[in-house]
């Protein structure tokens, strides 16, 4: 169910419809009830929700097929998280802007999102107005951060460059997430459509880069970096 704070309605439908028709949106969240509620909210505000996804990989596929204006992604999803999905969506559908809709306001999550090229970061604890404003802002080529996201965190990110997780490639981050979720090397290979040997090579390389030598250490690192939830 959509949080109480996000049930507020905003009278923007006439503005959004326009001559070009409603903005096309896809929604990705692993909770079906939340997706259903969010879809209803967006449609009431004049948006066209063209597809729904239950994980990050599916969101990338749907973005490539539907070419939406905006992809609204949950941060923590199975198979591929929101930031990694946003990074791939930018490659397969360059005109699509990604917005993260999440409960997390901690620094590691925000920094990872910014590094992935996310254009909006909206907290689920905020009102529906914030999400509508975020969509409008990114559609105009801008960025949108919820009021609950500290400016100091953004300034810290801009001033210090990449964190240690930035050392990893997108594929290595995907392998890390799947390993941290408990997948075997064979299962990782199947999920990503690569060979077992290649999956094992990615795992070995990321462990070397991070200086971590066991699965438990990878899980702890993935939690700290916001790849998975504790």
The stretch 164-225, relative contact order [Cα under 8 Å, separation at least 6], %: 41
Burial ordering of 213, 31, 202, fewest other beta-carbon atoms within 10 Å first: 213, 31, 202
Gain upon complete extension [residue 106, residue 48; 0.36 nm per residue less C-alpha separation]: 17.8 nm
Fewest-first ranking of 200, 69, using other Cβ atoms within 10 Å as the exposure measure: 200, 69
Footprinting exposure proxy for 102, 198 (fewest neighbouring C-beta atoms within 10 Å first): 198, 102
Extended-chain gain in nm, criterion 0.36 nm per residue less alpha-carbon gap, residue 216 and residue 36: 61.2 nm
Computed lengthening from residue 67 to residue 186, 0.36 nm per intervening residue step minus Cα-Cα distance: 39.6 nm
For peptides 132-138, 48-54, sequence by mean Cβ density within 10 Å, most packed first: 132-138, 48-54
Estimated distance in nm for a label pair at residue 129 and residue 223, the labels positioned 7 Å out from Cα along Cα-to-Cβ: 3.8
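Coordinate-derived values only; no laboratory data. Note that the structure is predicted; figures quoted are calculated from it, not measured. Glycine gets a Cβ as well: all are built from the backbone with ideal geometry, and neighbour counts include every protein chain shown.
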